[in-house]
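Q: After the structure tokens below, expect a handful of questions from me.
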Amino acid sequence: MAAVWSDEARLAGWLEIEILAVEAWSELGRIPSEDARAIREHATFTVEHVREVESVTRHDVAAFVQVVAGSVGPEGRWIHLGMTSSDVLDTGLALQLRAAADLLLERLERLIGVVKQLALRHRDTVMIGRSHGIHAEPTSFGHKLAVVAFELDRDRERLRRARETVSVGAISGVVGTYAALDPRVEQLVCAKLGLRPEEASTQVIQRDRHAEFVMALAITASTLDRIATEIRHLARSEVREVQEPFAPGQKGSSAMPHKRNPVVSERISGLARVLRGYAQVALEDMPLWHERDISHSSAERVILPDATGLLHFMLSDMAWVMQGLHVDPDRMVANLESTGGLFFSQKVLTALVDHGMARDEAYEAVQRAANDTWERGLPFEERVWDEIAGTGVLPQEEFAALFHVKPYLAHLGGIFERLEKLPVEET
């Protein structure tokens, strides 16, 4: 990723755009073919030379054009013919964003593959589901991960769409009217680069495209934050159902040797905040004065390399965490059973309603039993039977049959069938 955003790669992209424009002009008969060949063969630059010239011109593209034209000789006069800076800047940026997206998609594919396999492995690993942080009803760890896998799949689709959105070029000249250019130059250059010509540009490609790209990165980062937050909660001492990998020799605290802190997950959560902030900057870059200003430029030079680099790093971190995640099924069962069977409350409520009891009456009876279980630690099954035995509404045999965990997972098969079909490309 660092190579994608290096000065060398950025200027190499500019050079190819300039040469392709010359070749397009040659194909259209404006520039002699031998001059176009000479430019292709001899045009060159060094980053150091461009920086040296830019220290005088105080304009990056002007310095680049001066260096490249000087490297060719007399034929160099054709470099940048009819073009403006943003033709090079924005078309070159599209190449960098596309390359960055490809690297991100590669790492995202790997993470989806890891999560998918872990979900299938734990499809029947029962645990308590929680809402508002409070025990709700049983689920499976595999189900929890399946939800994550499908969310990551949506992130993948968003990133693919964003890649296409930014894969556009513009060689349209000052204010985008082609006044000094033939529109066919733009078409020929973009075709060679594998980009689509922008439908209509001013002097710049409009920044809604780039905002969409950064938003896709921020949403993906927020998915990683959601996963990391879940791991952090499940790793708490009071829960202890999962744990990040802990390497030999690793220390969780300078003071407390017992500590195994979820530091990688915490790092992911922190970096996601930075990426969400970058999404705000990308949105702020959309309103420009008239046909162009450069208020977006300084911000983009920070947020685009940084956002893609951060997400690239975060995806690698999360894949490492998930691949080595320690899952404790015994602890999950212990936590499930720790509330004395309270999670069966809806089963009992529904059975009572099915057998003719008014819902409010049934709810109050089950809630009274549940409150005693919460406050006095009484077994829920016994306490709720005390509440309803005298009503005769539900035979004790049918009542006892309600208190089994397996039925809670009975309808998850379709989810895992869909998960098995979730495509993951080899990376």
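The values are calculated or read from the model by the stated rules, or taken from the named source; none is laboratory data. Since this is a predicted model, take the numbers as computed values, not measurements. All Cβ positions, glycine included, derive from the backbone under ideal geometry; neighbour counts span all protein chains shown. Side chains included, ligands, DNA and RNA excluded: accessible areas come from the protein's heavy atoms. Shrake-Rupley method; radii C 1.70, N 1.55, O 1.52, S 1.80 Å.
Q: Accessible area, 1.4 Å probe, largest first: how do ARG292, ARG301 sort?
A: In descending accessible area the options line up as ARG301, ARG292.
Q: I've got another one for you. So if I average 1/r over every pair of distinct C-alpha atoms in region 136-278 and take the inverse, what Kirkwood radius in Å does that give?
A: Here the Kirkwood hydrodynamic radius works out to 19.0 Å.
Q: Could you please report the charge total around VAL50, scoring K, R as +1 and D, E as -1 over all other residues with beta-carbon less than 9 angstrom from its beta-carbon?
A: -4
Q: Which of the listed residues, VAL333, GLY29, VAL302, is farthest toward the dipole's positive end in the chain, when Lys, Arg count +1 and Asp, Glu count -1 at the beta-carbon?
A: VAL333
Q: A further question on this structure: Picking from ARG58, ARG260, ARG77, which is most flexible by a Gaussian network model of the chain using Cα springs under 10 Å?
A: ARG58
Q: How big is the accessible area of ASP285 in square angstrom, nearest 10, if you roll a 1.4 angstrom probe over the protein chains?
A: Surface open to solvent at ASP285 totals about 10 Å².
Q: While we're on this one: Any of LYS116/LYS144; LYS116/LYS421; LYS144/LYS251; LYS116/LYS259 with alpha carbons more than 20 Å apart? Name them for me.
A: Beyond 20 Å: LYS144/LYS251; LYS116/LYS259.
Q: Sticking with this structure for a sec: Considering only protein heavy atoms, with the full assembly of protein chains and a 1.4 angstrom probe, order HIS122, HIS233 by accessible area, largest first.
A: So the residues, ranked largest to smallest area, are HIS233, HIS122.
Q: Then there's this: Given N residues in region 88-207, what is Rg(Cα) / (2.2 N^0.38 Å)?
A: Against the empirical 2.2 N^0.38 Å value, I get 1.65 for region 88-207.
Q: Based on DSSP H runs of at least 4 residues, each adding -39500 (n - 2.57), what is the mean residue ellipticity at 222 nm of the chain after dividing by all its residues, to the nearest 500 deg cm²/dmol?
A: For the chain, the value works out to -21000 deg cm²/dmol.
Q: Compare the peptides 341-348, 104-111 by average per-residue count of other Cβ atoms within 10 angstrom and give them in order, highest first.
A: 104-111, 341-348
Q: Which order do you get for HIS143, HIS411 if you rank them by accessible area with a 1.4 Å probe, largest at the top?
A: Descending accessible area places them as HIS411, HIS143.
Q: Determine ³J(HN,Hα), in whole Hz, for all residues of region 31-38 in sequence, where each value follows from phi through the Karplus function 6.51 cos²θ - 1.76 cosθ + 1.60 and θ = phi - 60°; x replaces Gly and Pro.
A: The phi angles translate into 10, x, 4, 5, 5, 4, 5, 4 Hz.
Q: Further question on the same structure: Using the crude model of +1 on Lys and Arg Cβ and -1 on Asp and Glu Cβ, and no other charge, please compute the dipole size for region 41-134 relative to its Cα centre, in debye to 20.
A: Rounded to the nearest 20 debye, it is 820 debye.
Q: Another one. Output wanted: per-residue J couplings in Hz (rounded whole) for region 39-49, from phi through Karplus 6.51 cos²θ - 1.76 cosθ + 1.60, θ = phi - 60°, x for Gly and Pro.
A: 5, 4, 7, 10, 5, 7, 7, 10, 4, 5, 5
Q: Using the alpha carbon gyration tensor of the chain, what are the three equivalent-ellipsoid semi-axes (square root of 5 times each eigenvalue), largest first, in whole Å?
A: 62, 22, 18
Q: First obtain the Kirkwood hydrodynamic radius of region 210-269 from its Cα pairs, then insert it into the Stokes-Einstein equation at 10 °C and 1.306 mPa s, and state the resulting D in µm² per second as a whole number.
A: The calculation lands on 122 µm²/s.
Q: Using only the alpha-carbon atoms of region 1-157 as identical scatterers, what base-10 log of I(q)/I(0) does the Debye formula give at q = 0.13, 0.20 Å⁻¹?
A: -0.70, -1.17
Q: Using Cα springs under 10 Å in a Gaussian network model of the chain, which residue among GLU157, GLU238, GLU16 shows the largest mean-square fluctuation?
A: Ranking GLU157, GLU238, GLU16 by mean-square fluctuation puts GLU238 first.
Q: Looking only at GLU375, GLU364, GLU387, which one moves most when the chain is put into a Gaussian network model with springs between Cα atoms under 10 Å?
A: Of the options given, GLU375 has the highest mean-square fluctuation.
Q: Given the chain, what percent of its DSSP beta bridges are antiparallel, to the nearest 5?
A: If I count the DSSP bridges inside the chain, around 80 percent turn out antiparallel.
Q: What do you get for the angle between helix 295-323 and the principal long axis of the chain? Use alpha-carbon atoms, 0 to 90 degrees, nearest ten.
A: The two axes meet at around 40 degrees.
Q: Any number yet on Rg/Rh for region 264-321, C-alpha, Kirkwood?
A: 1.12
Q: Would you check the accessible area of SER55, probe 1.4 Å, heavy atoms only, in square angstrom rounded to 10?
A: Solvent-accessible area, nearest 10 Å²: 80 Å².
Q: Once you have all Cα-Cα distances for region 94-139, histogram them in 5 Å bins from zero and send the whole-percent values.
A: 5, 17, 13, 12, 14, 12, 9, 9, 7, 3
Q: Further question: Given THR229, PRO262, LEU195, which one lies farthest toward the positive end of the charge dipole of region 171-272, if we put +1 on the Cβ of every Lys and Arg and -1 on the Cβ of every Asp and Glu?
A: My answer, from the dipole projection, is PRO262.
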